[in-house]
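Participant: This is the structure I want to talk about, given as structure tokens.
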Amino acid sequence: MADTRPAPGSLDDLRQRFGPKLRWWMLLSVMLGSMAAVMASTIANVAVPDMSREFTLTPSRAQWLSASFMAAMTVAMLTTPRMLQSLGYRRTYTWAVGLLMLGGIGGGFSPSFELVIAMRVAEGWAAGVLQPIGAIIIMRAFAPHEQGRAMGIFGFGVVLAPAIGPSVGGVLVEWFGWRAIFFVVVPLCAIALPLGRRFMPITAPGGVAAGDVAGRTDLAGLALLASALLCLLNGLVHLHDPHRGLAAGLLLGSVVLGAAFLWRQKTAAAPLMALGVFRQGVFPAASVVAFFYGMAVYASTYLVPVFMQTALHLPPSQAGAVLLPAGLMLALTNPVAGRLADRLPAHLLICVGLLLMSASFAGMWWVGLGTALAAVAAWTVLGRIGLGLALPSLNLGALRGLSTEWISSGASVINFVRQLGGAVGISLVGVALEWRLTAHGVEGAIVGAAEQQAQMAAFHETFALLALTMGVAASAAWGMRARRRAAAAP
């Protein structure tokens with residue numbers, strides 16, 4: 001008689017062993033890995049001033065601490081669906097978490113800035129693979145009426161990492177130096193690995209067996225995308241040069257390589273990016289929102305800690321403490337927003353969230369050396385409430401209109417677009433800050449009241465740029481309403 005028992009570790013086997021609770025254990029497992037990834041992406045920003053002093057970095061060079069992570073993360077996201085199909089959930093997840101842990105350990109022991117950047121690239125690559133898995137699990141393992149709640153709970157865990165990250169990072173930098181921040185991800189990864197091995201199935205999305213998929217990974221497309229992104233980020237950095245010929249050449253190269261990548265995706269047997277997803281429902285409008293959203297959010301996570309330590313002269317621990325209420329409010333807002341996303345139109349919640357974030361950035365214009373820390377905290381809290389409202393609706397609004405076969409690709413692409421915006425945003429804010437500092441005549445050490453005022457003005461103008469970016473994103477979010485109506489029309 002044939003053995004009808006499911007293969008050990010398969011989705012059916014885990015369902016028999018753990019029952020309906022399996023989906024929540026899977027969610028917890030991937031949430032911890034995502035928390036470690038988000039912690040790695042944000043906690044390093046608290047150490048930028050200390051690392052800038054140790055390695056003698058300009059603002060445009062220091063931003064590579066975040067931009068290198070974001071660039072690697074952006075490229076890696078497009079490989080997640082294929083890795084899940086060929087390796088399955090468990091091997092993909094544990095491989096990425098292990099690489100993230102190794103990147104954290106290597107970064108902490110790095111003797112040079114170049115090696116630090118290499119470890120940030122390794123961490124970013126691991127984070128990029130991890131990022132879409134949570135949304136894929138939620139859309140496949142949870143019923144439609146549970147998805148908002150699951151997305152809110154998942155978001156609560158993920159945003160809890162940046163909520164406590166700056167505070168923990170500030171204390172670690174002040175007590176032990178900047179190297180300590182790299183080791184923060186190690187305990188989270190050490191917990192996530194055994195959970196992933198226990199509760200993540202060896203199967204691919206849809207419950208099918210993992211194995212070879214048609215065609216090989218599009219390495220040529222991956223190289224084109226990575227080259228285009230590097231040219232873009234380097235071109236943005238060199239915009240600050242007195243002679244902008246190199247910047248123009250790099251930016252033109254980025255356009256050419258980007259066009260070649262898109263052409264490759266149309267012709268490759270197994271493309272990294274399924275371009276057909278951009279013809280589905282509101283996904284194109286949601287992608288525009290995600291790009292501008294990523295620009296402002298990730299640029300602000302870089303700029304705000306630098307502003308507090310450089311312009312407001314707060315020690316790292318105090319700067320982290322000022323950011324703590326905002327992070328906790330974000331963590332509390334996210335589950336509520338997830339429940340609201342099951343009841344209210346996505347475009348409405350996204351617009352409200354983006355406008356709150358825009359108001360938060362605009363409010364930084366009035367922050368100066370004499371401003372009470374409570375007022376600074378209040379402006380950051382307002383922005384994080386907006387972030388908490390917008391993110392669950394943005395993910396669900398983009399994916400809900402997709403049929404089952406498009407969900408994995410859609411989750412990967414929407415995260416890719418958001419992270420692409422983040423990589424561009426961090427580079428732009430570093431360039432914009434250096435540009436405004438130079439325009440105000442601030443070069444070298446800040447020694448007098450006039451230089452302090454000029455420095456403050458440069459930061460204020462950079463925050464104003466972020467406020468404008470969020471306004472553009474809000475207008476794009478309102479366009480999701482028209483696209484949804486058009487898609488629903490007979």
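Participant: Output the residues belonging to the range 254-277 that are without any contact (Cβ under 8 Å) to a residue 40 or more places away in the chain and either in a loop (DSSP other than H, G, I, E, B) or over 22 Å from G124 (Cβ atoms) (or both).
Facilitator: V255, V256, A259, A260, L262, W263, K266, T267, L275
Participant: Note down all Cβ pairs under 7 Å where the first residue falls in the range 17-46 and is modelled with pLDDT of 80 or more and among the aromatic types (F, W, Y), the second is crowded, with 22+ Cβ neighbours inside 10 Å and assigned to a helix (DSSP H, G or I), and they're at least six residues apart or on different chains.
Facilitator: The qualifying pairs are W25/F199.
Participant: Can you run down the residue pairs with Cβ atoms below 7 Å, 6 or more apart or on separate chains, where the first is in the range 463-479 and farther than 18 Å from V306 by Cβ and the partner is at pLDDT below 85 and of a type outside the set (A, V, I, L, M, F, W, C)?
Facilitator: Between residues of the range 463-479 that are farther than 18 Å from V306 by Cβ and residues that are at pLDDT below 85 and of a type outside the set (A, V, I, L, M, F, W, C), the close pairs are A473/Y293; A477/H347; W478/H347.
Participant: Just to be sure before I move on: is F55 assigned by TED's automatic domain parsing to the domain that holds I181, of a type in the set (F, W, Y) and either closer than 26 Å to L193 by Cα or crowded, with 24+ Cβ neighbours inside 10 Å (or both) in the structure I sent?
Facilitator: Details: assigned by TED's automatic domain parsing to the domain that holds I181: yes; of a type in the set (F, W, Y): yes; either closer than 26 Å to L193 by Cα or crowded, with 24+ Cβ neighbours inside 10 Å (or both): no.
Judged against the criteria, F55 is not a match.
Participant: Would you say R53 is in a helix (DSSP H, G or I), in contact (Cβ under 8 Å) with a residue 12 or more places away in the chain and not hydroxyl-bearing (S, T, Y)?
Facilitator: no
Participant: Just give me the residues in the range 261-284 being touching a helix residue (DSSP H, G or I) at 6+ places or on another chain (Cβ under 7 Å) and either within 25 Å of V38 (Cα to Cα) or of a type outside the set (A, V, I, L, M) (or both), in sequence order.
Facilitator: F261, R264, Q265, K266, P271, L272, M273, F278, Q280, G281, F283, P284
Participant: Kindly indicate the residue of the range 78-109 that is modelled with pLDDT under 90 and among the hydrophobic types (A, V, I, L, M, F, W, C) and also farthest from I407 (Cα to Cα) among those meeting that condition.
Facilitator: The residue in question is F109.
Participant: Return a yes/no flag: does the range 3-14 have any residue that is assigned to a helix (DSSP H, G or I) and in contact with a helix residue (DSSP H, G or I) (Cβ under 7 Å, 6 or more places away or on another chain). Give the steps one after another, and end with the answer.
Facilitator: Taking the range 3-14 as the starting set, the residues that turn out to be assigned to a helix (DSSP H, G or I) are 11-14.
Now narrow it down to the ones that are in contact with a helix residue (DSSP H, G or I) (Cβ under 7 Å, 6 or more places away or on another chain): 14.
Yes, the range 3-14 has at least one match.
Participant: Considering only the range 68-98, state which residues are crowded, with 24+ Cβ neighbours inside 10 Å and of a type in the set (S, T, N, Q).
Facilitator: T74, T80, T92
Participant: Still on this model: Condition first: farther than 30 Å from L229 by Cα and either in contact with a His (Cβ under 7 Å, 6 or more places away or on another chain) or at pLDDT 85 or above (or both). Now tell me which residues in the range 110-167 satisfy that.
Facilitator: Across the range 110-167, there are no qualifying residues.
The values are calculated or read from the model by the stated rules, or taken from the named source; none is laboratory data. Just so we're clear, the structure is a prediction, and the values are computed from it rather than from any experiment. Heads up, the Cβs are rebuilt from the backbone with ideal geometry, glycines too, and the neighbour counts pull from every protein chain shown.
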